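The structure appears right after this line, and notes come after that.
The values are calculated or read from the model by the stated rules, or taken from the named source; none is laboratory data. All values derive from a computational prediction rather than experimental measurement. Positions of Cβ are generated from backbone atoms using ideal geometry, with glycine treated the same way; all protein chains shown enter the neighbour counts.
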Amino acid sequence: MKTVGILALQGDFEAHRKAVEAAGGRAVEVRTAAGLDQIGGLILPGGESTTMLRLIHAEGLFEPLQRFGRGRPVFGTCAGAILLASRVTHPEQESFGLMDIEVERNGYGRQLDSRVVRLPLEDGLRERAGGDDGLEAVFIRAPIIRETGAGVRVLARYLGDPVLVEQGLHLAATFHPELTRDHRLHRLFLAKI
Amino acid sequence: MFLDDAFRLKAGLAEMLKGGVIMDVTNAEQALIAEKAGAAAVMALERVPADIRKEGGVARMAPIRKIREIMQAVSIPVMAKARIGHFMEARILEALEVDYIDESEVLTPADEEHHIDKRAFKVPFVCGARNLGEALRRIGEGAAMIRTKGEAGSGNIVEAVRHMRTIQKEMKQLTVLGKEELMAEAKRHQAPFELVEYVAAHGKLPVPNFSAGGIATPADAALVMQLGAEAVFVGSGIFKSEDPEARARAIVKAATYYNDPAKLLEASEELGMAMPGLDVSKLAESELLQTRGW
């Protein structure tokens, strides 16, 4: 069985654990650099990216996490997508630079602008994800992907902006597939390990 | 009701705060200190509970100018408190677009019988509770997050422990009962039947359950997390201590590493004096904040 680590410093790591298990993987919570040794892929969950960054630095995890991502798959949702980006704005903050995307924090506004929408699957994702049903996307104080580099594939869009992107081993969603009963994206990630 | 999209978004933001610390702040400067220390959210209020307790008088929603300053200063979610039953304070906070409203016993209640109809709002609410019945009544009214009340402004963890243990125990008891026993339990807890059924089936509340009221040290935060809290609110504990910045960082670390004594030791090193504490058992009934709410 494939083992997925979930960065469990802060945020909805428990929801990701359930989603990984429902998708047929084994999930372990990662809070230290040593925790990275026993996993095949890593999920950076939703939560507050500033809180995660603060703990990542305080615990000396920045470099180990970045090194992990240079060789193995990482899936980031919402705050996790912000951490994966090469550039973050509103306000500017540090990130791992593992994906060639520019992300604007709280791009839609505050909590009152949070929303649940149904997204059609772009060609290519339909076959890989399985099933024609659109994705239910839960956006909570979500970021917006403003720029994508040449190597980045857009797998789903909302209001014209990319909301699910893939580059090599990595996957980033600005919404929260872990808060739904649709586990196709977690299965897609497991297939990358 | 739990499954409608509006409610999922409300409880969804609470999911994002799990494992984190929500810190009381009274101005933009404190909010920035909190954010830099790793707070997952801040709670805007006029005075921290320890000062409300000391100064007395009517405690109301914070001045709008202060809340707006705080919202402009930080990128993390901003919550604000409204008085119990004061649905117009809540409407104003919603119009201001705060991210969460705390219908809080720390402020002076506006209604001694009724809480706010929280389902009527788009903004999510958190409410305090001392036991399972109170928690389920608040969820029935539409709260998307529960925090155990503890005794705000006391610097004493004993009430937070009592309330968390009570709720956890009452939830466990429901899980071993037969279906035919649940209506009697709903009557005993004075709680909506459907919510009693939910807890009996799942062993937990249908919304995140956080802890508040008396957390002053990293050890206090770790203790309530061990007892089942999914995140912590710290009120007076940070800005009434000798070393707010260091203490805020230490409590953030403790909420993450609550299961790792070596990390908790690191978090507890080199802290100055915590806020002064109160012996809650010596307080008169009329001085308790936790008994507000019905």
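Structure notes:
Rundown of residues vs (1) under 30 Å from A:GLU136 (Cβ atoms); (2) within 12 Å of chain A (Cβ to nearest Cβ); (3) buried (at least 24 other Cβ atoms within 10 Å of the Cβ); (4) touching a Gly at 6+ places or on another chain (Cβ under 6 Å), yes/no style:
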{"residue": "B:ALA34", "(1), (2), (3), (4)": "no, yes, yes, no"}
{"residue": "B:MET43", "(1), (2), (3), (4)": "no, no, yes, no"}
{"residue": "B:LYS54", "(1), (2), (3), (4)": "no, no, no, no"}
{"residue": "B:ALA59", "(1), (2), (3), (4)": "no, no, no, no"}
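- Within the stretch B:1-28, tally of residues that are free of Cβ contacts under 8 Å to residues at least 40 places away in the same chain, more than 9 Å from chain A (Cβ to nearest Cβ) and either under 16 Å from B:SER75 (Cβ atoms) or not hydrophobic (A, V, I, L, M, F, W, C) (or both): 1
- Each residue in the stretch B:266-294 was checked for being at pLDDT 95 or above and either crowded, with 24+ Cβ neighbours inside 10 Å or within 14 Å of another protein chain (Cβ to nearest Cβ) (or both), and 2 of them qualify.
- With respect to the conditions (1) more than 14 Å from chain B (Cβ to nearest Cβ); (2) of a type in the set (Lys, Arg); (3) free of Cβ contacts under 8 Å to residues at least 24 places away in the same chain, A:ARG54 falls short on a single one, namely (1).
- Residue check for B:MET71: in contact with a Lys or Arg (Cβ under 9 Å, 6 or more places away or on another chain), part of a helix (DSSP H, G or I) and among the hydrophobic types (A, V, I, L, M, F, W, C): yes
- Once the stretch B:242-256 is narrowed to residues that are touching a helix residue (DSSP H, G or I) at 6+ places or on another chain (Cβ under 6 Å) and surrounded by fewer than 22 Cβ atoms within 10 Å (Cβ to Cβ), the residue that is nearest to the other protein chains (Cβ to nearest Cβ) is B:GLU245.
- Residue count for the stretch B:209-240 under the criterion of being at pLDDT below 95 and surrounded by fewer than 24 Cβ atoms within 10 Å (Cβ to Cβ): the result is 2.
- Test: B:GLY214 is more than 30 Å from B:LYS179 (Cα to Cα) and of a type in the set (Gly, Ala, Ser): yes
- Identity of the residue in the stretch A:29-51, touching a residue at least 40 places away in the same chain (Cβ under 8 Å) and among the polar types (S, T, N, Q), that ends up farthest from the other protein chains (Cβ to nearest Cβ): A:SER49
- Index of the failed condition, A:THR77 passing every other in (1) in contact (Cβ under 8 Å) with a residue 40 or more places away in the chain; (2) under 16 Å from A:GLY5 (Cα atoms); (3) polar (S, T, N, Q); (4) surrounded by fewer than 19 Cβ atoms within 10 Å (Cβ to Cβ): (4)
- Selection within the stretch A:120-143 - of a type outside the set (D, E, K, R) and away from chain B (no Cβ under 14 Å): A:PRO120, A:LEU121, A:GLY124, A:LEU125, A:ALA129, A:GLY130, A:GLY131, A:GLY134, A:LEU135
- Output for the stretch B:1-22, where each listed residue is assigned to a strand (DSSP E or B) and closer than 13 Å to B:TYR100 by Cα: B:ILE22
- Residue in the stretch A:41-53 that is of a type in the set (D, E, K, R) and surrounded by fewer than 19 Cβ atoms within 10 Å (Cβ to Cβ) present: no
- Helices (runs of 4 or more DSSP H) contained in the stretch B:183-294 and holding at least 2 residues closer than 30 Å to B:LYS36 by Cα and either free of Cβ contacts under 8 Å to residues at least 24 places away in the same chain or of a type in the set (Phe, Trp, Tyr) (or both): B:261-268
- Boolean, A:PHE175 is within 14 Å of chain B (Cβ to nearest Cβ), at pLDDT 95 or above and at negative phi: yes
- Pairs, first within 14 Å of chain B (Cβ to nearest Cβ) and over 14 Å from A:THR180 (Cα atoms) in the stretch A:8-28, second among the hydroxyl-bearing types (Ser, Thr, Tyr) and surrounded by 22 or more Cβ atoms within 10 Å (Cβ to Cβ), C-beta under 6 Å, six or more apart: A:LEU9/B:THR256; A:GLN10/A:THR51
- Among all residues of the stretch B:48-65, there is none that is modelled with pLDDT of 95 or more, acidic (Asp, Glu) and part of a helix (DSSP H, G or I).
- Flag not set for B:SER75, criterion: touching a residue at least 12 places away in the same chain (Cβ under 8 Å), of a type outside the set (Asp, Glu) and crowded, with 18+ Cβ neighbours inside 10 Å.
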